[in-house]
């Protein structure tokens with residue numbers, strides 16, 4: 001065997017020896033390393049699938065509130081309202097109150113109300129100073145759901161066109177509440193899923209578009225039925241003689257609901273209103289208050305029972 005044959009033979013032996021057990025073990029280690037690296041890269045790119053349906057759900061919401069499209073952000077934020085007593089959802093909604101888009105801020109305010117997030121009340125009160133009136137009304141709506149009386153200040157401003165005396169409602173608020181028709185239609189038509197005034201309902205859409213601000217002022221009057229503030233009582237008395245009959249009707253209903261029999265004299269003239277509908281409501285309201293006054297007097301005059 002010459003030198004060349006010897007080297008070729010030796011090389012052939014070396015090549016054969018590379019296929020031994022040690023080499024195959026190295027190949028397995030290399031393959032495992034590549035697989036691990038691939039999974040890391042997938043995770044880094046956000047392509048790794050959620051491990052549970054709940055994790056997938058949170059991923060969807062996280063992506064939604066970070067959407068560049070404001071409508072999609074608002075939809076995602078509004079959906080957070082389905083998660084009461086969830087700190088993560090509350091934090092996300094509170095953060096959305098600072099969004100650049102008023103639609104998103106309004107959705108955040110409504111979501112916090114749907115959650116009944118009392119911890120968020122201070123932030124909702126801050127939202128009453130928002131530059132956008134839809135956000136203001138959304139915050140007021142949510143505060144009302146959580147029985148915070150500061151909400152009534154907004155409804156008072158809408159009904160009367162002015163702030164309550166000595167109240168730091170929102171700076172120059174009435175100037176920003178100058179198109180209540182637009183506000184109501186916004187609530188009906190947008191994806192926010194609310195109308196700024198609790199009692200108005202989507203069924204009132206035709207009335208809203210026909211009568212505009214009168215319908216919104218009427219809805220505000222109905223809300224004030226539960227406001228214990230004497231200024232709201234005075235506003236309702238004035239509204240009984242408002243130029244708009246829907247406002248007169250709403251004021252009469254609110255007075256009846258308040259149950260204040262001292263306002264009987266206020267109601268009497270309304271029974272001669274030019275509108276039959278107003279007359280009907282005034283008559284029912286007067287009977288309601290008169291009966292309530294009679295029951296109260298009977299209970300007062302009734303002697304105490306002996307045990």
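No value in this document is a laboratory result; all are computed from the given coordinates. This is a predicted model, so every value here is computed, not measured. All Cβ positions, even for glycine, are placed from backbone atoms using ideal geometry, and neighbour counts span all protein chains on display.
Quick notes on this structure:
- Scattering from segment 210-295 was approximated by placing one identical point on each alpha carbon and applying the Debye formula without solvent; log10 I(q)/I(0) at 0.24 1/Å stands at -1.16.
- Segment 51-178, relative contact order [Cα under 8 Å, separation at least 6], %: 17
- Residues 272, 99, 132 arranged by fewest to most Cβ contacts within 10 Å: 272, 132, 99
- Counting neighbouring Cβ atoms within 10 Å and putting the fewest first, the residues 67, 94 line up as 67, 94.
- Average Cα contact separation per residue, segment 210-295, under 8 Å, 6 or more apart, as relative contact order %: 27
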